[in-house]
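Asker: Pasting a structure below so you can have a look.
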Amino acid sequence: MPHVMPPMVARGTRGTGDGMDPADDALLLQTQRLLSTSLTFAGGTDDVAERLRAALVQAHPSLLAAVPGGAETQTAQLARALTWLVHHLDRPPLLVEGTGRLGAALAACGVEPAQLQLVGAALAEAMRAGMAPGQWRQDFDLAWRSTWQHAFEWIAHGAARAGYEPPVWDATVVSHELRRPDLAVVRLRPSLPMPFRPGQFARVQVAGQPAIWRPYSLAGAPRRDDLIELHVRAKTTTGVSGTLVHETRVGDHVRLSRAEGTMTLPPDTTRPLLMIAGDTGVAPLKALLTELADTGDPRTAVLFWGVRNLDELYDIDEIAATARAARRATVVPVVSEGDPGPYACGLVTDAVAAYGEWSEAEVFLAGPPLMLAATSLALQQLGVTPAQIHHDAPE
């Protein structure tokens, strides 16, 4: 009978020195070599991940439907996970911690541990299917099934822990664009699946300021990829915003809390949508437009973006392209000071009143607190009830 991972690994503890006797260390290293060799024989992590995803979709469609991203993104996530698993197999404390955090992240996505029980068999089959006849061996099969059984137990423990210890996501900066001297569009890739609904926000922590969590709206396309986009304006060079705008570079790491907020698209697809943004408040409304485009939603939507001058339209090209991709969406920039160029001029509330009749619309507001209060009052004077007006509470 081939050796498998020693039972002590499941407890994530070691004794003398590192906590395990030399025989257990040897078993871990042997299992690690079996996993690595079999991955090579099966065509590499990318090929195995593609076959694994296809098997999971066929066997349990709701499992991957709960995880953000499309096929390409999810395949890349599985490939990274396989690489990480093999690379960390000889370091049980890191393995236990990492798989536990994966369990918490999957629980946040709505994945139940019971849905993961079939992954071990699917993984072994994805390995076997990529090998030439005769290459698949019993010790490969046993090594993968045994490894997954341990990983599954730690994932399930992490999922249970998430019920009383909210998960936190580590994320890597993959893009940083300084659109204005005081404003950056920052794109992040969480290390583990992070669910969010367009229109929500999350709290961000940066290195050097562990006690401060600053809320930012999340733009992005969770149906397509695992990237999160932040629109950050900094009034100073310090604090979380100052760090994100002026000090952050590609490759840096930040931490994200669970997504919050209820400013999401209502299920009723018959009422028109009115969106009004001030400054970086356009970020969550861009996310709503992206959702309309990605789902082919038939609702009409008009986004008014109020700015002081043309320079503040830092994302107009991308937002206009997103609106064009939606079935019935329009973007109306409104410039209050100076030359408006090709756009409307004056107050955004006046532009909204002149555009049409909104008493039947669902309204979404995002921007500075004073803008939210003034716009809400103006909309009510136009016949929009408070129940139709949606925005997050100012902080």
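Asker: Net charge near residue 158: determine it from the other residues with C-beta under 12 Å of the C-beta of residue 158, scoring Lys and Arg +1 and Asp and Glu -1.
Answerer: It works out to a net charge of -1.
Asker: To continue, here is another question. Identify which of the listed values of semi-axes √(5λ) of the Cα gyration tensor in Å was calculated from the structure shown: [x] 48, 22, 18; [y] 36, 23, 22; [z] 57, 27, 19.
Answerer: [x]
Asker: Dipole size in debye (nearest 20) for region 7-161 around its Cα centre, Lys and Arg Cβ +1, Asp and Glu Cβ -1?
Answerer: About 160 debye.
Asker: Enumerate by residue number the trypsin sites (Lys or Arg not before Pro) in region 320-356 meeting two conditions: DSSP loop (anything except H, G, I, E, B), and at most 15 other Cβ atoms within 10 Å of the site's Cβ.
Answerer: Passing both the DSSP loop test and the Cβ count: 327, 328.
Asker: Report the full-extension gain for the segment residue 321 to residue 62: residue separation times 0.36 nm, less the Cα-Cα distance, to one decimal in nm. Spell out each step's value before the answer.
Answerer: Details: separation 259, 0.36 × 259 = 93.24 nm, distance 3.11 nm.
So the chain would gain 90.1 nm between residue 321 and residue 62.
Asker: Quick check: from the Cα gyration tensor, does region 342-395 come out rounded (a/c under 1.5), prolate or oblate?
Answerer: oblate
Asker: Tell me, how many Å apart are the Cα centres for region 261-308 and for region 320-380?
Answerer: First find each Cα centre; the distance between them is then 11 Å.
Asker: Relative to the present Cα-Cα distance, how much length would full extension add between residue 174 and residue 117 at 0.36 nm per residue of separation?
Answerer: That works out to 17.2 nm of additional length.
Asker: Given Cβ point charges of +1 (Lys, Arg) and -1 (Asp, Glu) and nothing else, what value in debye, to the nearest 20, does the dipole of region 140-295 about its Cα centre take?
Answerer: Values: 18 positive and 16 negative charges, 62 e Å.
Dipole about the Cα centre, nearest 20: 300 debye.
Asker: Mind checking which of 119, 183, 109 is farthest towards the positive end of the chain's charge dipole, using Cβ charges of +1 (Lys, Arg) and -1 (Asp, Glu) about the Cα centre?
Answerer: Farthest towards the positive pole: 119.
Asker: Same structure, new question: How would 314, 164 line up from fewest to most surrounding beta-carbon atoms within 10 angstrom?
Answerer: Values: 314 21, 164 6.
The most exposed by this proxy come first: 164, 314.
Asker: Which whole-Hz ³J(HN,Hα) couplings does region 235-246 yield from phi under the Karplus relation 6.51 cos²θ - 1.76 cosθ + 1.60, θ = phi - 60°, glycine and proline marked x?
Answerer: These are the phi-based 3J(HN,Hα) values: 7, 9, 8, 10, x, 5, 5, x, 5, 5, 7, 9 Hz.
Asker: Post the alpha-carbon centroid distance, region 201-218 to region 127-164, in whole angstrom.
Answerer: 35
Asker: Could you order the peptides 217-228, 174-185 from most to least packed, using the average number of other C-beta atoms within 10 Å per residue?
Answerer: The densest-packed peptide leads the list: 217-228, 174-185.
Asker: From the helices alone, meaning DSSP H stretches of at least four residues, give me the mean residue ellipticity at 222 nm for the chain, per-run term -39500 (n - 2.57), in deg cm²/dmol to the nearest 500.
Answerer: Values: 12 runs with 159 residues, N = 395.
Calculated from helices alone, the mean residue ellipticity at 222 nm is -13000 deg cm²/dmol.
Asker: Give me a comma-separated list of calculated 3J(HN,Hα) values for region 62-68, in order, Karplus coefficients 6.51, -1.76, 1.60 applied at θ = phi - 60°, integers in Hz, x for any Gly or Pro.
Answerer: 5, 4, 7, 5, 7, 9, x
Asker: Moving to a separate point now. Can you tell which of 353, 341, 283 lies farthest toward the positive end of the dipole of region 273-390, using +1 and -1 charges on the Cβ of basic and acidic side chains (Lys, Arg; Asp, Glu)?
Answerer: 353
Asker: Okay, moving on. For every other residue with a beta carbon closer than 15 angstrom to the beta carbon of residue 339, add +1 if it is Lys or Arg and -1 if Asp or Glu, then tell me the sum.
Answerer: Neighbourhood net charge equals -2.
Asker: Would you mind getting me the FRET efficiency between residue 328 and residue 97? Use the beta-carbon distance for r and R0 = 45 Å, nearest 0.05.
Answerer: With R0 = 45 Å, the Cβ-Cβ based efficiency is 0.40.
Asker: Right, here's the next one. Residue 69's amide H: which non-local residues (gap 5+, or another chain) put their own amide H closer than 5 Å, with H modeled 1.01 Å from N in plane and none for Pro or chain starts?
Answerer: Placed amide hydrogens put 223, 224, 225 under 5 Å from residue 69.
Asker: Now for a separate question. Pop out the ³J(HN,Hα) list for region 192-208 in order, Karplus 6.51 cos²θ - 1.76 cosθ + 1.60 with θ = phi - 60°, rounded to Hz; leave Gly and Pro as x.
Answerer: Result, ordered by residue: 10, x, 10, x, 7, 9, x, x, 7, 10, 9, 9, 10, 10, 10, 4, x Hz.
Asker: Using the 10 angstrom Cβ neighbour count as an exposure proxy, how do 131, 275 rank, fewest first?
Answerer: 131, 275
Asker: Further, regarding this structure: Between residue 326 and residues 5 or more places away or on another chain, which pairs have amide H atoms under 5 Å apart, with H built 1.01 Å from N, and which residues are they?
Answerer: Residues meeting the amide H criterion: none.
Asker: Taking the Cα centre of region 200-261 as origin, sum charge times position over the Cβ atoms of Lys and Arg (+1) and Asp and Glu (-1), and report the length of that vector in debye to the nearest 20.
Answerer: Its charge dipole is roughly 140 debye.
No lab work stands behind these numbers, since they all come straight from the coordinates. Source: prediction; values computed, not measured. Counting neighbours? That spans all protein chains shown, and the Cβs are built from the backbone with ideal geometry, glycine included.
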